[in-house]
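Please treat every number below as a calculation from the coordinates, not as lab data. All values derive from a computational prediction rather than experimental measurement. Glycine also receives a Cβ, built like all others from the backbone with ideal geometry; neighbour counts cover every protein chain displayed.
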Amino acid sequence: MSVIIFALAAVLIAMACIKADRVRSWRESLNPAAPELPDAAFVAARILLVGMALIGTVKGFQGLGAEDDSKWSDDELKSAVEQATYELDGFLYRIDQSGEPVVHIYEYDTLIESEVTENGGGDAPQDGVAAAAADGNTDADAYFTVSANGADAEFCVHIERVRSKRDDYTPPGITGGEGTYTELGYRLTVTSREGAC
């Protein structure tokens, strides 16, 4: 759309550059009985044409800016994945003795997508990120190919869930059926590299 607006602005500028004598001769060849146009009419027409071209140019650049805001660039995605990797590395969560998370966390793919989107920064959109799981992923070891709308680059994010006994938690005064109730601590080890998994 912006390209069409720029082309129309160029046509308007070209029209404003046509000499008055040439317009008068064309007009006379089409309608010899037409009254003579004053020079002031040509000045007003030029001002109007140039003004419309300037407005079109401004709107064209605004359109380019809006298009840029709706798509991810490779650099925006790279920066967001690197920051998300940094923030997720060492992420702590606990699992109760039945194997269920104490506080529900997102699935890994949703966790990655939300962190990358959150760390997009600049004029990166707030959506359009996808984390596709590789075959054979488990809760303890998973790979995801991260891509984004508009970006050609892809990144492989590797998540390992590592048992962290030092992060176990036993709430005071709570006991389970077999004695003390303990929430088991786990940490995520997260790395990323450029390219699909």
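Overview of values
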item	result
Degrees, to the nearest 10: 39-69 long Cα axis against longest axis of the chain	10 degrees
Over the chain, equivalent-ellipsoid semi-axes from the Cα gyration tensor in Å	68, 16, 11
Sorted peptide list for 33-42, 146-155, criterion being average Cβ within 10 angstrom, highest first	146-155, 33-42
Dipole moment magnitude, nearest 20 debye, region 74-194 about Cα centre, only Lys, Arg, Asp, Glu C-beta charged	680 debye
Local net charge near F91, Cβ-Cβ under 12 Å (Lys/Arg +1, Asp/Glu -1)	-2
Cβ-Cβ FRET estimate between T189 and Q126, R0 fixed at 35 Å, reported to 0.05	0.80
The chain: angle of helix 2-16 to the longest principal axis, Cα-based, in degrees nearest 10	20 degrees
